[in-house]
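Visitor: For reference, the structure I am asking about is given below.
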Amino acid sequence: MAPLLSMKNVTAFYGGSQALFGLSLRMRQGEVVALVGRNGAGKTTAIKAICRLLRHRSGEIRFEGKDLGPLASHRAARLGIGLAPEGRRCFATLTVEENLIAAARPGHWNIDSVLRLFPQLRDRRSKVARTLSGGEQQMLAIGRALMTNPRLLLLDEATEGLAPLVRRNIWEAVSELKSDGELSILLVDKSLRELAAIADRCVVLERGRDVWSGTFDELTPEMAVRHLGV
Ligand code: ATP
């Protein structure tokens, strides 16, 4: 069976500046994978390349065997790749409900199931997004990604800058998503402890390349210091 996601030797540039230098990564359906590495290692760039916000220059990215190379980002979303972007972007002047509806595609996820996952959004349903707290905006960003009914969910820094209690709410929601067993999740986050508790595997990036992959148990303290600076 083809892997859900396969990246082989991917290079990517911002103008003349190279950010990915031959990144390879594979994910199976239902797998939860953490992408880790120091600042600037290329985690966000990898996520952007997968969801086609950035075109890679060489190498190959396949989703369920289909070459993503020629596809624009809205086509990747249609194939089943859902992004909750860094900076929790949503439509600031639309209400929570309108934001969710704008992202909707047919499937198991709908407004009711998103509000069940994030009950905190229920009372805020008719409020415009810009009036929400940071945590609520993050929940909305994840909710929007789920409304596309993805098979692969990309979560980039979903807990960044949030208060501890709100972070816990987000991790609980991610863990609930994992328990579903169908959805594959690629996570980028600064909190190694939380990632270790939830991810099946981690892939370490260094200077735009994958340098190691394994379980968090296999990641020794020496490797964490060498590759992650912690
Ligand atoms: P962080 O944890 O700091 O978000 P990251 O691992 O996500 O780091 P990327 O944001 O993917 O790293 O950055 C990879 C490289 O690309 C870095 O050298 C960064 O400076 C560069 N880069 C990222 N975004 C841009 C951009 N919009 N224009 C130019 N260079 C960029």
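Each reported figure results from applying straightforward, stated rules to the coordinates on display, with no laboratory input. Here the structure is a predicted model, which means the values were calculated and not measured. Glycine gets a Cβ as well: all are built from the backbone with ideal geometry, and neighbour counts include every protein chain shown.
Visitor: Do we have any residue at all in region 86-98 that's in contact with an Asp or Glu (Cβ under 6 Å, 6 or more places away or on another chain) and of a type in the set (D, E, K, R)? Reasoning before the result, please.
Guide: Just the residues of region 86-98 that are in contact with an Asp or Glu (Cβ under 6 Å, 6 or more places away or on another chain), to begin with: 86.
Among the residues that remain, those that are also of a type in the set (D, E, K, R) are: 86.
Yes, region 86-98 contains a residue that is in contact with an Asp or Glu (Cβ under 6 Å, 6 or more places away or on another chain) and of a type in the set (D, E, K, R).
Visitor: Which of the residues that make up region 155-198 are closer than 20 Å to residue 41 by Cα, touching a strand residue (DSSP E or B) at 6+ places or on another chain (Cβ under 9 Å) and away from the ligand (no atom under 16 Å from the Cβ)?
Guide: 185, 196
Visitor: Under 9 Å by Cβ, and 6 or more places apart or on different chains, what pairs join a residue from region 172-183 that is over 14 Å from residue 114 (Cα atoms) with one that is assigned to a helix (DSSP H, G or I)?
Guide: Final answer for the pair search is 175/197; 175/198; 178/198; 183/146; 183/177.
Visitor: List every residue pair whose Cβ atoms sit under 6 Å apart, with the two residues 6 or more apart in sequence or on different chains, where the first one lies in region 24-40 and is closer than 12 Å to residue 227 by Cβ and the second, anywhere, is assigned to a loop (DSSP other than H, G, I, E, B) and within 16 Å of the ligand (Cβ to nearest atom).
Guide: Sorted first by the residue in region 24-40, then by its partner, the pairs are 38/229.
Conditions tested, residue by residue: (1) hydrophobic (A, V, I, L, M, F, W, C); (2) surrounded by fewer than 16 Cβ atoms within 10 Å (Cβ to Cβ); (3) not in a loop (DSSP other than H, G, I, E, B).
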position: 185; (1), (2), (3): yes, no, yes
position: 203; (1), (2), (3): yes, no, yes
position: 212; (1), (2), (3): yes, no, yes
position: 217; (1), (2), (3): no, yes, yes
position: 230; (1), (2), (3): yes, yes, no
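Visitor: I need a count of the residues in region 22-49 that are out of contact with any Cys (no Cβ under 9 Å at 6 or more places or on another chain) and either in a loop (DSSP other than H, G, I, E, B) or within 12 Å of the ligand (Cβ to nearest atom) (or both). Write out each step before concluding.
Guide: From region 22-49, those out of contact with any Cys (no Cβ under 9 Å at 6 or more places or on another chain) are 22-32, 37-49; that's our starting set.
Keeping just the survivors that are either in a loop (DSSP other than H, G, I, E, B) or within 12 Å of the ligand (Cβ to nearest atom) (or both) gives 23, 28-31, 37-49.
Residues flagged as out of contact with any Cys (no Cβ under 9 Å at 6 or more places or on another chain) and either in a loop (DSSP other than H, G, I, E, B) or within 12 Å of the ligand (Cβ to nearest atom) (or both) within region 22-49 amount to 18.
Visitor: Another question, if that's okay. Quick check on residue 117: is it away from the ligand (no atom under 16 Å from the Cβ) and either crowded, with 22+ Cβ neighbours inside 10 Å or at positive phi (or both)? Before the answer, list the steps.
Guide: On the way: away from the ligand (no atom under 16 Å from the Cβ): yes; either crowded, with 22+ Cβ neighbours inside 10 Å or at positive phi (or both): no.
Criteria not met by residue 117.
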